[in-house]
Structure formats: C-alpha cells, structure tokens
1. Quote the FRET efficiency, to the nearest 0.05, computed for residue 75 versus residue 165 with a Förster distance R0 of 41 Å and r equal to the Cβ-Cβ distance.
2. FRET efficiency for residue 30 and residue 148, Cβ-Cβ distance as r, R0 = 22 Å, nearest 0.05?
3. Expressed in nm to one decimal, what extension gain is obtained for the pair residue 12 and residue 37 from 0.36 nm per residue of sequence separation less their Cα-Cα distance?
4. Magnitude of the Cβ-charge dipole of the chain, K/R +1 and D/E -1, about the Cα centre, nearest 20 debye?
5. Using the 4.7 Å Cβ rule, please list in number order the cysteines from the chain without any candidate partner.
6. Please give the calculated 222 nm ellipticity per residue for the chain, where each DSSP H segment of at least 4 residues contributes -39500 (n - 2.57) and the sum is spread over every residue; nearest 500 deg cm²/dmol?
7. Highest first, please rank the peptides 66-72, 125-131 by the mean number of other Cβ atoms sitting within 10 Å of their residues.
8. Once you have the alpha carbon radius of gyration of the stretch 15-60, what is it after dividing by 2.2 N^0.38 Å, with N set to its residue count?
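The values are calculated or read from the model by the stated rules, or taken from the named source; none is laboratory data. None of these values were measured; they are calculated from a predicted model. Don't worry about glycine lacking a Cβ; one is built from the backbone with ideal geometry, like all the others, and counts go over all protein chains shown. Just so you know, the surface numbers come from the protein's heavy atoms only, side chains and all, with ligands and any DNA or RNA stripped out. Shrake-Rupley method; radii C 1.70, N 1.55, O 1.52, S 1.80 Å.
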Amino acid sequence: MDGYCERVAPGLWGEPLNTVSNVAFLIAAILIWRRARGPVARTLAVLVGLICLASTAFHALATGWAGAADTGFILVFVLYYAVAFTHLFLGVAWRWAWLAAPAFLAVTIGVAALGGGMYLSALLGMFLFAALLARTRHWPRFAIAGGVFAVSLGLRTADHSVCGSFPAGTHFLWHLLNGVVLYLVSAGVVRVEAPTTPALKT
C-alpha cells in the first residue's frame, strides 16, 4: 500500500519517519499509565499502546490488515473515550454512558456521508466536550487538544500536496501531534477518575 509521500519503494523501511514517529504514542501510553489512578485511565493507556503497535506495523509493512488494525484501534479509543467522558465528566451512570459509543458512531457515519469522516467527527467532539465543560476548569484542556488536533489533521491532509517540495511528507507530524492530543485527553481522565471507579460496569 502506497498511501504517503515518504513511501517510494516497498520494504520494511519504506517509511522511516512515519514508522519511527509512532514513538510519540508509546511515550503518551507510558506517561498515562504511570499517572493513572484507576482502571479507565489504564484502559486508555493500553489503547494508546495498541495504536502505537498498529500504526507502526502499518507504516513498516504497508499491508491491508495492518491498516485495518491502525484504524480499528483508533476507533476503539475514540468510542471508549466518548463513554468515559460521558460518565466521568458529565456524571452519567455507566449503564447509560455506554450509549455514547453508538451515538458517536452514528455521528461519524453521518459526517462521513457528508464528506468528512472519523477524524473530523473526533475534532468536532473535542470542541463539543470543551463547550459542555465551559463552566468547569476542565474546558481548556479539550479546547487545546482540539486546536492541536486541527493542526494535526491539516498536516495529515497536506501530505500528498507537499511531495514535490518535501519528499518526506507531513504524515509523521500527524503522529507526533496526535501523541500530544491523546496524552492531553487521557490526562484529563486521570485528573477526575477516583481510584475505585469501575471501568467495565454496566
């Protein structure tokens, strides 16, 4: 699969920057795990770690199954985070908070039908979270994360258009900035989660 500027030949190191830049996710996962006080934050740390592994495999191997794993783990993180946010920040009981996952999925499908996709709906979601928390001290974290993600998404989109002037492309910057985004939103959970909060209660 040749989907990025940097890959000009097959092989394990066809995308060195895109592959190595996934270390941003590993660093984020380790930091989140070390700061976690409860199971929700630890689950987020594991999911960020899985994103690191899947994205690394995808950019190293450039195969269909690795690409599916990459997208799949990102989607799982986003859906789980929507549930965690609904419970921890909005105070909705777990049995109802789980409805946030299919609700976000439906929004994503709708946005995709209009020409957007999962990443655009995630961007809108971060600004929505900031708006919902406008009367609390937590809103700046989500506003900042949304701003960083907007820049990141722009760099991801620009990758193909800069191939002529910058052969390495800009996708590796998408990885680096997204490591920051995942850390910011996960650290928000760390700040509000009590050590005894159940992660899988229904």
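1. 0.80
2. Given R0 = 22 Å and the Cβ-Cβ separation, E is 0.70.
3. 5.2 nm
4. Computed about the Cα centre, the dipole is about 960 debye.
5. 52
6. Taken over the chain, the calculation gives -23000 deg cm²/dmol.
7. Averaged packing, sorted descending, gives the order 125-131, 66-72.
8. Its radius of gyration relative to the 2.2 N^0.38 Å reference: 1.20.
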